[in-house]
1. How about region 83-98: which of its residues are within 24 Å of residue 137 (Cα to Cα) and touching a residue at least 40 places away in the same chain (Cβ under 8 Å)?
2. Search region 22-35 for residues being out of contact with any helix residue (DSSP H, G or I) (no Cβ under 7 Å at 6 or more places or on another chain) and in contact (Cβ under 8 Å) with a residue 40 or more places away in the chain, and hand back the single one that is farthest from residue 82 (Cα to Cα).
3. Which of (1) surrounded by 13 or more Cβ atoms within 10 Å (Cβ to Cβ); (2) over 29 Å from residue 29 (Cβ atoms); (3) out of contact with any helix residue (DSSP H, G or I) (no Cβ under 8 Å at 6 or more places or on another chain) is the odd one out, the single condition residue 83 does not satisfy?
4. Report the residue count in region 140-163 for those that are within 10 Å of residue 64 (Cβ to Cβ) and either part of a strand (DSSP E or B) or within 15 Å of the chain's Cα centre (by Cα) (or both).
5. Do you know which of the residues in region 53-80 that are modelled with pLDDT of 95 or more, assigned to a loop (DSSP other than H, G, I, E, B) and in contact with a strand residue (DSSP E or B) (Cβ under 8 Å, 6 or more places away or on another chain) is farthest from residue 148 (Cα to Cα)?
6. Please determine, by comparing only the residues of region 22-52 that are touching a strand residue (DSSP E or B) at 6+ places or on another chain (Cβ under 9 Å) and part of a loop (DSSP other than H, G, I, E, B), which one is farthest from residue 124 (Cα to Cα).
7. Got a sec? Which of 133, 123 is more than 20 Å from residue 36 (Cβ to Cβ) and either in contact (Cβ under 8 Å) with a residue 40 or more places away in the chain or surrounded by fewer than 19 Cβ atoms within 10 Å (Cβ to Cβ) (or both)?
């Protein structure tokens, strides 16, 4: 199986032409690289630091992002080298998605894995890459880079609700 990268810095204006509504007819594990990459809505939520409760397994998100995330553009600033620079950065595959329960409920990969359709604000549906931001789904204007947060203070940025 070919591993697909979870692309955060793709240029959505210059991607190859995709068949209309391909996500409704093509299973995740049969998508082309371009189809897979286009599913990323650019919300940046997967790049937020998280805590997992050892007893309950519950995941708590914080507003603290990976230092590679451009919190304004919601894109990785060094996508090609991210797994070298951030060893725990995940290269997602279709097989992993059902196990990644920490993915936001709005994530296209998770939604499709669960048999749901894309949300109306998703750029593949709306045709507008800014719709994720206008819908309030992205971390734009909310996240702070880990560069500006002392490691002992990350828990002060915990998000008090599930995203």
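The values are calculated or read from the model by the stated rules, or taken from the named source; none is laboratory data. The shown structure was predicted, so the numbers you read here are calculated from the model rather than taken from an experiment. Reconstructed Cβ throughout: ideal geometry from the backbone, glycine too, with neighbour counts over all protein chains shown.
1. If the condition is that a residue be within 24 Å of residue 137 (Cα to Cα) and touching a residue at least 40 places away in the same chain (Cβ under 8 Å), then 90, 91, 92, 93, 94, 97 are the ones that fit.
2. Step by step, filter region 22-35, then rank; the result is 24.
3. The single condition residue 83 does not satisfy is (2).
4. Within region 140-163, residues that are within 10 Å of residue 64 (Cβ to Cβ) and either part of a strand (DSSP E or B) or within 15 Å of the chain's Cα centre (by Cα) (or both) number 4.
5. Ranking the qualifying residues of region 53-80, first place goes to 77.
6. Going residue by residue through region 22-52, those that are touching a strand residue (DSSP E or B) at 6+ places or on another chain (Cβ under 9 Å) are 42, 44-45, 47-52.
Adding the requirement that they be part of a loop (DSSP other than H, G, I, E, B) leaves 42, 44.
Working: 42: 12, 44: 17 Å.
Restricting to residues being touching a strand residue (DSSP E or B) at 6+ places or on another chain (Cβ under 9 Å) and part of a loop (DSSP other than H, G, I, E, B), the top hit is 44.
7. Details: 123 fails: more than 20 Å from residue 36 (Cβ to Cβ).
From the options 133, 123, the qualifying one is 133.
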